[in-house]
Each structure stands twice: as structure tokens, then as C-alpha cells.
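Colleague: Quick one: this structure, given as C-alpha cells, is what I'll be asking you about.
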């Protein structure tokens, strides 16, 4: 018997430096979609009718069967604002869905009851929960381990504090993380859940974690939504107007005194970054902008729309919104005292925001009107 000569070669293993090692791990985590929960990201332009699509999808998934049995035990529609909740309600009614076909869960107790009930459609109102983790604790996850559930998220972005630019939370992340992190759940689960998230503007992190792989570009993976009708497409099709074509420039002056020491503030101990809220919540700035808005309303806008229309002013935070409401109302009331603008005196000015323990409720600023039942004036007025 002949034997072949076998040559041995030395393989030198070089350890990856700690920074490179951590970078690889973080990238791998970012792309860890569909391991414990199957996720789909759907991107649709604002005003496209996401509530209609959610209602239709819920009905299709509710009746989906395999081998004579329902594929999904529960269909949960997750909303974060009371107004979204009422929109879903009305869409369900328009689709001839009797309100006895679904239940609402707005706290841990009602959520637990919904899991036990025979009703398979559940509307989950996160505003009362405060955080998804309060809903998906260890005990609840153990009950979910024997069920296959669909979560339909109406608008995956939410703000915990009203400071939209600072503390934006991704409900997709909040909802999937407990399933990924609960070891006991993953050891005992017998079925895999489905999470479907709807948004008009997914960020890169959301696309990387929940999107579909589409290719490579400069060694980086590209991710896209499962289905989309983007804002760009909607503008090109004429479905919505291009907001960039209607920007109104406003002249702004900056007044400052030159210090006697020209280097004052440049040394490190004295250096301080300007906080955004110091700018956007500045009362003098808000008052000047509010005066301009009120002036523009009575002198131009109301004349152009010929008595019928609606508009929205989006601002930095709840605190800023309250200040704008007060300032715009004050300047508006002063202007309509003039005979030529008196006909606009009944035009409403309302404020809408999700309730916060740190701020007064919006209802108190709207003469008792709440977000759950928005004033007709917010929908259309004459």
C-alpha cells in the first residue's frame, strides 16, 4: 500500500484588535433580522392611506389558514397616539368590521385579558403603557411563547418626551428587542411571530435591522423596505405637493456685542455648546415668529384660501408648542380687532400633542377638546 506524502503548513492566527472586533460585532447585530421574530418594513408616503392598508392587512392575516387551522392566533394593531387609535377605529367601521370583533388593550391588565380572550383582533394603545417593555415583561413573554402573533405598527417612530429631535424612539426596536433578549422565551417558544412596521421615513438603522437585503455598495450592505411608495415617488406622481417649492423665507437679525477681549469664550474652560432648546424654546424668538405667523394669516393666507382650509405648525417640543399657541393666539386676537380683519375673528387656533406628566394636557388649551376626539376644526373649517 502506497502512502502519499503529506505536507504540513503552519497557519498563523493574528488576533483582531479590540476596536475591529467590536465593530464587526456591532455590524453583525445590526443585520440580525428575523432570528427570533420575522420582521417586514413597509414604507408609504404621508397621506397614502396607511390606516386603510393596516385594516386590510389585519383582516387578511386574521382569516389566513393552513391545514384547516388559523396561522396566527392574534392580530395586534399597535398605535401610539389617541388620534391614530380613532383613525383605525373609523377604518374598521368603514370595512364593516363590528366593534365586537376586536378589543382594545391600553394597560398591562387589559393586554393580559386580550391574550386570554377568544377575540383575535387587538388594538394596543402604547400611550397608556409608556414603554413596550412594560407590556412585554417576562411573564407575558412566557404566555406568548405558545402563540403566533402578528404586530402591525402604525408609524414606527414615536417621541417619549415631545422633544422630537432629541429622544425619538423606534417602536420596531422596542417591540423586537424583548423577544431577542428573553432566553427563556426563545428556549420554550413553539411559533415565530411576525412584526410589520409602517412608516413614511425609515432611517438607516431601521433599514439595516428590519429591511430586505438588496446588494452591496463600497463593501457596505444595502437594505430596502419590503414594499414602498416613497415621498419622492408620491411627489413625482402628483399625489402630494412638494413642500420644498413652498418655503417662505423669513429675514432674521442676529444682534451681539463685541467683547473687549476678542478671545473671550475661545479658551476651553469658558467654551460651551449652545443647547438646541435654548434656541427653539427661547420666548423672544417664539414671540417674534408668532407675530409673523399671525400677520401672515390675516393679511395673506385667509385671503388666498378664500375661507376654507387647514394648516399645521410643527415645532421643537411640547413646551415650545404651548408657548407658540399662546403667542400666536395673542397676536391674532390683536389683529382681528381691526375692522378689515374682524371677519377672521372666529378662525380657530388649536394645539395637539400627546399628554405628558411634565406638561399640562392639550385639552386645557383647547377648551376641553381632547386628542382622542380632535375638534372638527382640525379636520376642516370654513
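Colleague: What is the number of the single condition among (1) at pLDDT below 70; (2) more than 22 Å from the chain's Cα centre (by Cα) that residue 325 does not meet?
Modeller: Looking at each condition in turn, residue 325 falls short on (1).
Colleague: Can you tell me which residue among 64, 13 is surrounded by 12 or more Cβ atoms within 10 Å (Cβ to Cβ) and either over 21 Å from residue 124 (Cβ atoms) or modelled with pLDDT of 80 or more (or both)? Before the answer, list the steps.
Modeller: Values: 13 fails: surrounded by 12 or more Cβ atoms within 10 Å (Cβ to Cβ).
One residue alone meets the criteria, 64.
Colleague: Take residue 243 and decide whether it is over 25 Å from the mean Cα position of the chain (by Cα), at pLDDT below 85 and not assigned by TED's automatic domain parsing to the domain that holds residue 325.
Modeller: So residue 243 fails the test.
Colleague: Mind checking whether some residue in region 23-35 is at pLDDT below 85 and crowded, with 18+ Cβ neighbours inside 10 Å?
Modeller: Yes - at least one qualifying residue is present in region 23-35.
Colleague: Within the group 92, 76, which residue is under 24 Å from the mean Cα position of the chain (by Cα) and at pLDDT 80 or above?
Modeller: Unique residue meeting the criteria: 76.
Colleague: So, one more: Which members of region 240-260 meet the condition of being in a loop (DSSP other than H, G, I, E, B) and within 30 Å of residue 49 (Cα to Cα)?
Modeller: 240, 241, 242, 247, 248
The values are calculated or read from the model by the stated rules, or taken from the named source; none is laboratory data. This structure is a prediction, so every number in the text was calculated from the model and none was measured. Don't worry about glycine lacking a Cβ; one is built from the backbone with ideal geometry, like all the others, and counts go over all protein chains shown.
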